[in-house]
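Reviewing the structure listed below.
The values are calculated or read from the model by the stated rules, or taken from the named source; none is laboratory data. As the structure is a computational prediction, the values presented were derived from the model and not from experiment. For neighbour counting, all protein chains shown are included, and Cβ atoms are generated from backbone atoms with ideal geometry for every residue, glycine included. Please note that ligands, DNA and RNA were not included when accessible areas were found on the heavy atoms of the full protein model with its side chains. Shrake-Rupley method; radii C 1.70, N 1.55, O 1.52, S 1.80 Å.
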Amino acid sequence: MRATSWALLAGNFMIGCGVMVVGGTMNDLTAALSISVAKAGELLAIAAVMMGVGAPVLATLVARMDRRRLLALAMLWYALGHALSAMAPSYDWLWPIRALTVLSAAVFTPQAAATIGFMSTPAHRGRHITFVFMGWSMASVAGMPLAAWVGERMGWRVAMLLVALGSLSAAWLVWKTVPKGLHPPALSWRSWGKVFRSPLLVALIAVTACQSAGQFSLLAYAAPYYKQVFGASPEQISLMFAWFGSLALLGNVILNRVVDGMGAAKAVTITLALMSVSLALWPLAGTLPMLALVLVPWAISGFATNSGQQARLGGLSPRLAPALMALNTSAIYLGHAVGASGGSWVLTHHHYTDLHWLSLAWMAVALCLSFWAMNVQARLGAARR
């Protein structure tokens, strides 16, 4: 169980690195391919749509597949796709390769969560799911800053190749540690119907989508933001990503320790409120060090929110977990697409310094939905008792 948890965490780490590599290398990528930052934002949006649509569709198609084989093959596809992306001669080649590559992320992240949840006891399910999802936080600590530095110093193609090599290693770890013959309950159309007929479950998926859109409206353009607004050097850009990522990892570690005792619903609502605080204080950040301070509540909550949402949904209905995890992952990525597209529109018509207002609006909606869902869940729990 322990070895499997670490292998799935490693897989999520590489998935996170691959998803974030475009944002981290955006300065070099736009220069090398002669495209605008807004155009690069479209590249992020295309990938996010593929992951968002692919997660629930693929979850149904692969429902009966052995999880060791499925998860290992997903990482192999990810490795191949990033290797091919590194060789793309132009944007017109890169975007379709990227779109197909990220289908692996649509499979791996939700199925890894559903798999470890299936293997866990109810008392420890939240902790195990958040542990596996911690790979994303670790990617923000190490992967994003490294991608930014490599992109600035050696080019975006080298960064893509590093993701390919790491994904190959993760595939081997998954194959060696995930038990053979593991088959969580297969998804059926009836399962999907139960999810979509529940206002509570639909609202929780909407929470994920809105907070993801709020985060990515600004995070998608963080590298050029730091450079254009604050004149940051490559090292300073990497340091800002490392600062954000380190706090994100700390937040996930804290959540992993308290989620089963506090309750995932309360934990998520608190993290959403903290992110809103950072975004509301954003105009006060006149220098890069000041921005680093303003980022603290957001950074410590950003990835913890996604982990908490996975645990929240997994605990509500373990039998529907594969469907809920797939939809939650879909909501994360569709939120990325909406956020990146909205941010691109802001940059086209306004300025970098206006991005946080869009982020704050999305976050406010997510917070209201989460608070409503938490109260509904509490009433349902009281009624059952």
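Tabulated data
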item	result
Expected 222 nm ellipticity per residue - DSSP helices of 4 or more, -39500 (n - 2.57), all of the chain, to 500	-28500 deg cm²/dmol
Charge dipole (debye, nearest 20) of region 22-124; +1 at Cβ of Lys and Arg, -1 at Cβ of Asp and Glu	360
Highest-first arrangement of 221-233, 286-298, where packing means the average Cβ count within 10 Å	221-233, 286-298
Contact order relative to length of the chain, as percent, for alpha carbon pairs under 8 angstrom and 6 or more apart	29
Highest average packing first - 244-254, 349-359, Cβ atoms within 10 Å	244-254, 349-359
Residue among W95, A105, A147 farthest towards the positive dipole end of the chain, charges placed on Cβ	A105
Spacing of the two label points (7 Å from each Cα toward its C-beta) at S90 and V253, in nm	4.8
Over region 61-199, relative contact order from alpha-carbon pairs under 8 Å, at least 6 apart, %	45
Overall form of region 32-116 per C-alpha gyration tensor (a/c, 1.5; a/b vs b/c)	prolate
Tensor-based shape of region 226-385 (alpha-carbon gyration tensor, a/c under 1.5 rounded, otherwise prolate or oblate)	prolate
Computed label-point distance, nm, for sites L165 and A361 using a 7 Å Cα→Cβ extension	4.4
Surface accessible to a 1.4 Å probe, per residue, for the residues of region 189-247, Å²	39
Which of L324, L161, L58 is most accessible, then next, and so on - probe 1.4 Å	L161, L58, L324
Burial ranking of peptide ranges 198-206, 274-282 (average Cβ count within 10 Å, highest at the top)	274-282, 198-206
Protein accessible area in the chain, 1.4 Å probe - carbon and sulfur %	69
Theoretical gain in end-to-end length, V229 to C368 [0.36 nm per residue, Cα-Cα removed]	46.9 nm
Tail fraction, Cα-Cα pairs, the chain, threshold 36 Å, whole percent	16
R197 versus S34: modelled label distance in nm, points set 7 Å from Cα along the beta carbon direction	5.7
Region 229-277 shape via C-alpha gyration tensor axes, a/c threshold 1.5	oblate
Theoretical FRET efficiency, 1/(1+(r/R0)^6), r = Cβ-Cβ of K180 and L284, R0 56 Å, to 0.05	0.55
Gained length - T353 relative to R2, 0.36 nm times residue gap less alpha-carbon distance	121.9 nm
Debye, to nearest 20: dipole size of the chain, +1 on Lys, Arg Cβ, -1 on Asp, Glu Cβ	1600
